[in-house]
Amino acid sequence: MKKILLIDDEKNLLRTVSLNLSSRGFFVDAALSAEEGFSLFNEKRHDIILCDLKLQGISGIDLLSKIRIFDKDVIFIVITAFGTIKQAVDAMKLGADDFISKPVDIDGLVENLKIALQKRNPEKISDDFHDENIEKIKKDFIFKSNEMEEILKEVVLTSKSVSNVLITGETGTGKEVLAKIMHALSERKGDFVPINLNAIPINLMESELFGHEKGSFTGAVVTQKGKFEIVNGGSLFLDEIGEMPFAMQAKLLRVIQEKEFSRLGSNLKIKLNARIICATNVNLEENVIEKKFREDLFYRINVLHFKIPPLRERRDDIPALANYFAGKYSAVNKKNIKAISKDTVNILMNYDFPGNIRELENIIERAVVVATSDAIEPPNLPKTMFSKQIQTYKNLTGPADGDIKLDEVEINLIKNALQKNNYNQTKTAISLGISRKQLITKVKKYGLFRLK
Ligand SMILES: Nc1ncnc2c1ncn2[C@@H]1O[C@H](COP(=O)(O)OP(=O)(O)OP(=O)(O)O)[C@@H](O)[C@H]1O
Ligand SMILES: [Mg+2]
């Protein structure tokens, strides 16, 4: 999500423009003076600054000169009062990217912002990485958020290391995908060998990991290599490490420390030649305190730690992932989905995804299958996603029976906002975060006129 810093000493303009830009998917910070704006910018490094030229204290021009000394990249757009074009031109000479005049036309402004953003290198990420491997990764590993960019940078930096890795994150956040990327970047000669410790019965775990000799236990009819041997130079992915039984943890610790192991029923020592990557969705620190996980093993595997944030904490990734999955499942299902409608994206952006990316993937796969046009629309999403809105609706109107349609939810939200704001259209539009024009269209569409 692009971050905008809006600076103007007119409170009303600040409020209306902020609300309108937020409703179009920008993150907006507002400041009443250049001084306040400057300190906000130092803290958050916005992508765009929209600044009035005439401010009390430091002027917009002075702020522009100050910022351009150390930041040539931030997009700086000046807002001018009617008839002060000369000042705007001066500002352009000093390095402003564009100027707009009051009253601010939001549609026009958004167009200008898009153009300005496009002029800046849109693929900033690849510049930062200086690594061609990233291009390969980006095909299957989709991200737009700064949070994931930071993680990926670190993954690239440490890709050739042999240190053990711990990846943590809620279910469906992409821990296994990240582990595979680490392996691909490591250029190790062996394979990526995953083991899901949750899926192996406890009595077979040791043999699965280290292998066994024929006859070493009932049922061991042939000699078999374990995953630690099969991996042979590659990366061993110990998934759900938090589920490993306590007794087994001691054995694993010894193998990691001594870098050798034996098959069950054999004394022959085999050298461990693998990078160990562990993953878990449980809080291992807590398990250590509760004595469910060995502290010494925790420190052994936790040399490099990557914590993948849940999707709801990196919402910028949602539209990109949704588009990627729409494309993928459209091809798989031989459908011709060309887009995800704006309303659908809005709903996705406001949903918390307890199952993270896996849940988003399932939702989009289903939506592609049920879509009847070439775009994914809100009715193609599962009903459960609307429960939050439906709850609001129920709170506003009392209990409702039967199915609730999205339209009904919208109607009631608008009706309520109109009543609260005494049918003042401007105030109602602001409280709903939509433009006055959009509000009027909806009032007409649903016939929500004031009853005399
Ligand atoms: N950045 C991404 N880009 C594209 N697909 C992704 C991304 N992250 C995850 N996925 C997809 O989401 C699904 C879940 O990912 P993965 O299995 O890696 O999650 P996990 O964290 O290991 O989950 P669990 O804790 O349940 O094992 C997979 O289908 C994976 O391909
Ligand atoms: Mg997993």
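The values are calculated or read from the model by the stated rules, or taken from the named source; none is laboratory data. Fair warning: this is a prediction, and the values are worked out from it, not measured in the lab. Virtual Cβ from ideal backbone geometry, glycine too; neighbours counted across all protein chains shown.
Residues of region 233-260 that are small (Gly, Ala, Ser), away from ligand 2 (no atom under 16 Å from the Cβ) and either touching a Phe, Trp or Tyr at 6+ places or on another chain (Cβ under 8 Å) or more than 17 Å from Phe298 (Cβ to Cβ) (or both): Gly233, Gly234. Where helices (runs of 4 or more DSSP H) fall wholly inside region 30-109, the ranges with 2 or more residues that are among the polar types (S, T, N, Q) are 34-44. Residues that are farther than 14 Å from Ile277 by Cα and within 39 Å of the chain's Cα centre (by Cα) within region 214-230 comprise Gly226, Glu229, Ile230, listed in sequence order. Remark: pairs (first residue in region 278-293, closer than 17 Å to Asp239 by Cα and modelled with pLDDT under 95; second residue outside any loop (DSSP other than H, G, I, E, B) and away from ligand 1 (no atom under 16 Å from the Cβ); Cβ separation under 6 Å; 6+ apart in sequence or on different chains) = Leu284/Phe298. Within region 355-362, the presence of a residue that is under 23 Å from Gly174 (Cα atoms) and away from ligand 2 (no atom under 16 Å from the Cβ) is excluded. Among the residues of region 170-199, the ones that are among the charged types (D, E, K, R) and away from ligand 1 (no atom under 11 Å from the Cβ) come to 4 in all.
Here Met349 clears all of (1) within 16 Å of ligand 1 (Cβ to nearest atom); (2) closer than 22 Å to Arg24 by Cβ; (3) in contact (Cβ under 8 Å) with a residue 60 or more places away in the chain except the condition numbered (1).
Just one residue in the set Leu209, Leu166 is away from ligand 1 (no atom under 15 Å from the Cβ) and not basic (Lys, Arg); that residue is Leu209. The residues of region 293-334 that are among the charged types (D, E, K, R) and buried (at least 17 other Cβ atoms within 10 Å of the Cβ), listed by number, are Arg294, Arg300, Arg314, Arg315, Asp316, Asp317. Scanning region 171-213 for residues that are under 32 Å from the mean Cα position of the chain (by Cα), surrounded by 17 or more Cβ atoms within 10 Å (Cβ to Cβ) and part of a strand (DSSP E or B) gives Phe192, Val193, Pro194, Ile195.
For (1) of a type in the set (A, V, I, L, M, F, W, C); (2) under 16 Å from Leu236 (Cα atoms), each residue gets a yes or a no:
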residue: Val255; (1), (2): yes, yes
residue: Ser262; (1), (2): no, no
residue: Asn267; (1), (2): no, no
residue: Lys271; (1), (2): no, yes
residue: Arg275; (1), (2): no, yes
residue: Glu295; (1), (2): no, no
residue: Arg300; (1), (2): no, yes
residue: Lys307; (1), (2): no, no
residue: Pro310; (1), (2): no, no
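Residue under question is Asp317, and the condition is that it be over 27 Å from Val255 (Cα atoms) and in contact with a Pro (Cβ under 6 Å, 6 or more places away or on another chain); does it hold? Spelling it out, it is not the case that Asp317 is over 27 Å from Val255 (Cα atoms) and in contact with a Pro (Cβ under 6 Å, 6 or more places away or on another chain). The residue that is farthest from Glu149 (Cα to Cα), among those in region 169-220 that are away from ligand 2 (no atom under 16 Å from the Cβ) and among the β-branched types (Val, Ile, Thr), is Thr218.
I'm trying to understand the selection: among the residues of region 221-256, which are among the basic types (Lys, Arg) and touching a Pro at 6+ places or on another chain (Cβ under 9 Å)?
Within region 221-256, just Lys227 meets the criteria.
Of a type in the set (S, T, N, Q), part of a helix (DSSP H, G or I) and surrounded by 13 or more Cβ atoms within 10 Å (Cβ to Cβ), is that true of Ser216? Criteria not met by Ser216.
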